[in-house]
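Below: one structure, written as structure tokens.
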Amino acid sequence: QQQQQQGPRVFNVPLHQMDTISVKVENVDLTVPIFLRWCFDCIRRSIKHEGLFRKSGGSQRVKELMARIEDGPLTPSLSPSNTVFDVCSLFKEFLRRLTYPLITYPLQDLLLDCFSMRSLSSDKKVEIYLNILLLLPDKHLHALIYILRFLHEITLNERDNKMNAKNLAICVGPGIMRTAVEGKASVMTEQCATSVSDIVEVLIINAAKLGYVADSVYERSQMLLEMRQKEAVVNADESFAIENGIDNGISNGKINDPANAKKRRSGSVKEFLVHMTNRLRRRSGSNNDSRDQTNAFLDQSGKLSSSHTREHRYHYQQNSISGHCLSSSSSSTTTTKRKSSDDPNGGNSKRG
């Protein structure tokens, strides 16, 4: 259903400032920009057309579509002159114009460093890529999952559309991993472009795994959470005993109440991974060899994702279903307005 009121801008704004909608993809709840769902719904109707994302749409028609979306409803009706390639080009323009790239600059560095490590097997690199991307802001992670799963859906029709994961990565990869220097055009070197397309190809192939947490990562994060809870109990008791001489109630079980633990559980995995990277950032202040710090993170990430000898099992937490997932999910299907949130770069400026 089209919105009749003036919508927010879609182009040249951060993801977290866009109007969003809850969508279900293979029983996974995601919160994504309305524009993205409209794009993919349009493309899906012509998913067997040869050359999706490879063939360019008409530049004038794409500009007209952009203007209609900026000034009117977020889900405009296509005119008879519009083609599926116009919508594909519009999507690529959307990625190019994001204020912050879909995969933020600090995580791009980690992905590229991991890609360049010859000592790692292909399977190990996949595990590390997936762990690194768990550090994305929720809006970016949800959008990335949604995009990669749709691109994978396109590859299932490769016989007709001639677009496999490699071809799609070449066409869309520069938008997903938009490397740029502050104040300058986003121009990739040939070597960087090849690395980016290779990484994005792997992500498209493994799209179904992104956002899920391996058992080993989840269990270690729960150990960290339990340690913090115990420390909180001890510190709170000592503080109140000294300052007030009274029992503040924490020692009576409020901290360890399962209801309170459940509220914190969804964020514990991401907190654990962020804790790992923060340790590296603190060390980098006294060590200029950033590659050593990156390697340390990659090595630890690999240990986390492969510490179990059995085959990895991935889980997702939805509503009351037990599972392991970083991203929060919602059962609502109504359109919501996302308020301004943290800087997706987490205090990190663009690479330059």
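The values are calculated or read from the model by the stated rules, or taken from the named source; none is laboratory data. All figures in this text were calculated on a predicted structure; none of them were measured in a lab. All Cβ positions, even for glycine, are placed from backbone atoms using ideal geometry, and neighbour counts span all protein chains on display.
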message = I need a count of the residues in the range 176-218 that are assigned to a helix (DSSP H, G or I) and modelled with pLDDT under 75.
response = 6
remark   = Exactly one of 63, 48 is of a type in the set (Lys, Arg), more than 26 Å from the chain's Cα centre (by Cα) and under 15 Å from residue 153 (Cα atoms), and that one is 48
message = residue 32 - would you say it is touching a His at 6+ places or on another chain (Cβ under 8 Å), surrounded by 18 or more Cβ atoms within 10 Å (Cβ to Cβ) and free of Cβ contacts under 8 Å to residues at least 60 places away in the same chain?
response = no
Unmet requirement for residue 118, which otherwise passes all of (1) in contact (Cβ under 8 Å) with a residue 12 or more places away in the chain; (2) more than 15 Å from residue 176 (Cα to Cα) = (1)
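Conditions (1) assigned to a helix (DSSP H, G or I); (2) touching a strand residue (DSSP E or B) at 6+ places or on another chain (Cβ under 9 Å), marked per residue:
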{"residue": "10", "(1), (2)": "no, yes"}
{"residue": "30", "(1), (2)": "no, yes"}
{"residue": "37", "(1), (2)": "yes, yes"}
{"residue": "48", "(1), (2)": "no, no"}
{"residue": "54", "(1), (2)": "no, no"}
{"residue": "67", "(1), (2)": "yes, no"}
{"residue": "76", "(1), (2)": "no, no"}
{"residue": "103", "(1), (2)": "no, no"}
remark   = Per the filter on the range 78-98, residues polar (S, T, N, Q), part of a loop (DSSP other than H, G, I, E, B) and surrounded by 15 or more Cβ atoms within 10 Å (Cβ to Cβ) are 82, 83
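Quick check, is residue 132 in a helix (DSSP H, G or I), modelled with pLDDT of 95 or more and assigned by TED's automatic domain parsing to the domain that holds residue 24? Quick ask: steps written out before the conclusion?
Values: in a helix (DSSP H, G or I): yes; modelled with pLDDT of 95 or more: no; assigned by TED's automatic domain parsing to the domain that holds residue 24: yes.
Judged against the criteria, residue 132 is not a match.
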remark   = Of (1) modelled with pLDDT under 95; (2) in contact with a helix residue (DSSP H, G or I) (Cβ under 8 Å, 6 or more places away or on another chain), residue 119 fails just (2)
Residues of the range 66-90 that turn out to be without any contact (Cβ under 8 Å) to a residue 60 or more places away in the chain and either among the aromatic types (Phe, Trp, Tyr) or closer than 18 Å to residue 45 by Cα (or both), as a count = 13
